[in-house]
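The values are calculated or read from the model by the stated rules, or taken from the named source; none is laboratory data. Everything numeric here is computed off the predicted structure, so don't read it as measured data. Here the Cβ positions follow ideal geometry from the backbone for every residue, glycine too, while neighbour counts run over all protein chains shown. Just so you know, the surface numbers come from the protein's heavy atoms only, side chains and all, with ligands and any DNA or RNA stripped out. Shrake-Rupley method; radii C 1.70, N 1.55, O 1.52, S 1.80 Å.
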2 protein chains.
Amino acid sequence: MRYFGMPLSRSSIKNAAQARAQLLEAQDRFIASWGRMGSVWGISRTMAEVHALLYITGAPMCTDEIMERLGVSRGNVSMSVRSLLEWGVIEKVRHPGDRKEYFQAEQDVWSMLRAIARERIKREVDPLLDALDEIGELAPEVEGQSQEEIRELHKRLDEIRDGFGLITTLAHKFAGPRGAGLQTAAKLLAKAPVGRKKTHASKRSRKGGAS
Amino acid sequence: MRYFGMPLSRSSIKNAAQARAQLLEAQDRFIASWGRMGSVWGISRTMAEVHALLYITGAPMCTDEIMERLGVSRGNVSMSVRSLLEWGVIEKVRHPGDRKEYFQAEQDVWSMLRAIARERIKREVDPLLDALDEIGELAPEVEGQSQEEIRELHKRLDEIRDGFGLITTLAHKFAGPRGAGLQTAAKLLAKAPVGRKKTHASKRSRKGGAS
DNA sequence: CTCGATTTTCAGATTTTACTGAAAACTACT
DNA sequence: AGTAGTTTTCAGTAAAATCTGAAAATCGAG
């Protein structure tokens, strides 16, 4: 992904070519940002970029279009697309009379966020809880014997398990099929705002006309 | 970290040495699991392992003890410890009459989870929101002109921002200084359980006697 | 079934990230 | 100021993750 760095003056009369360039640059930047997030989350940059591209354009795209736009290899696109399908954040669409497969991103942000949350819990939390159960059995507490250290170990393991267990329960409510309800609950809970340092929460004020 | 793989029969009479070996193995396994999580989160395995070691033992430890137990270099421990201090999940403790620095993990799981959440939002969400604001300005919507694609772009950017904005607000309530209150709210919300496939939620039933 | 178009796979190359170890910096004490 | 114990830094190295490209597999139409 390369940028078109020409200085597009904000105040000049806007012609179609300029608007197009601006659109592409904005898309590229979104793709780059989402890709960077991907690395922070432990998924590959390309996978996140492919998703970003499909989301931000909204269009179904085939492998070659994706390769071209992101400048990555066919194999890389193939693997990224497969993972995204597993995450459930994109889907295949077929054009009749065309053998190519096209891919389109889930367009509803809340469905998308739920899918991401679901997958991250599966990767980040569930394995830990499984491990905690096993570990507890490695050093059994034996009645009568006062093994202070082993009692401490179990206490700590239990506390961690309780913490993540609660998080998982909440997240499943959010991410499960009935998760849409949580969106509402979340909005209610969010009543009294807390706010980030650099007041972003609502810098743009809905003029885009989102649903 | 190496494992002591001797087959410690569950049913045999337990002597002190065996109990010790079991304790160490259980600790090592916890350290390994937490370390693996660390990679999934995009922090270094060693950093997570150091934290796991300090948490699971509960003891203040100095650089040399950590190096020895985890089998990593001095420099690595130094850097990991610094990051953990920045995250706010461990603290320095000094023993009078001893020039070494000792480190001890935050022992309250909820404080720890809040610190982790705070740091992850800072790394994962805030930069994205910053970027979204900038990107919107790259391709301004101009009154009158019907630039359908640019309107679409803004709509999608706004939807993402709203989604993450809400998540951030909720998370700040959870992770902020007043976050302890959320623990209670969370428990309430969690009333009707959802449950994971392999029923872990409460396999061990509080006999460890957590606070 | 055959053929050309398309997708998948994976060994090896590349890039990114993490780690080591020793030198430099720091610190508390004399 | 001198010194010994301790921590930090960072250039170089090692390990891990990611990506490429071409061969193999798959697919759909005829």
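Descriptive notes on the structure:
- Verdict on B:Leu128 being closer than 22 Å to B:Val40 by Cβ and either within 14 Å of another protein chain (Cβ to nearest Cβ) or surrounded by 15 or more Cβ atoms within 10 Å (Cβ to Cβ) (or both): yes
- Odd one out for A:Ser33, checked against (1) open to solvent by less than 10 Å² (accessible area, probe 1.4 Å); (2) modelled with pLDDT of 95 or more: (1)
- Hits in the range B:76-122 - residues which are within 19 Å of B:Gly165 (Cα to Cα) and without any contact (Cβ under 8 Å) to a residue 24 or more places away in the chain: B:Lys122
- One residue from A:Val109, A:Val93, A:Val81, A:Val72 being under 13 Å from the mean Cα position of the chain (by Cα) and of a type in the set (A, V, I, L, M, F, W, C): A:Val109
- Test: residue in the range A:10-30 that is open to solvent by less than 50 Å² (accessible area, probe 1.4 Å), in contact (Cβ under 8 Å) with a residue 24 or more places away in the chain and within 13 Å of DNA strand D (Cβ to nearest atom): no
- Of the helices (runs of 4 or more DSSP H) contained entirely in the range B:50-161, those carrying at least 1 residues that are within 13 Å of DNA strand D (Cβ to nearest atom) and among the acidic types (Asp, Glu) fall at B:63-70, B:74-87.
- Condition check for A:Val72: buried (at least 20 other Cβ atoms within 10 Å of the Cβ) and of a type in the set (Val, Ile, Thr): no
- Number of residues in the range A:46-64 that are within 10 Å of DNA strand C (Cβ to nearest atom) and open to solvent by 40 Å² or more (accessible area, probe 1.4 Å) equals 1.
- Condition met for B:Arg36 (facing chain A (nearest Cβ under 10 Å) and more than 10 Å from DNA strand C (Cβ to nearest atom)): yes
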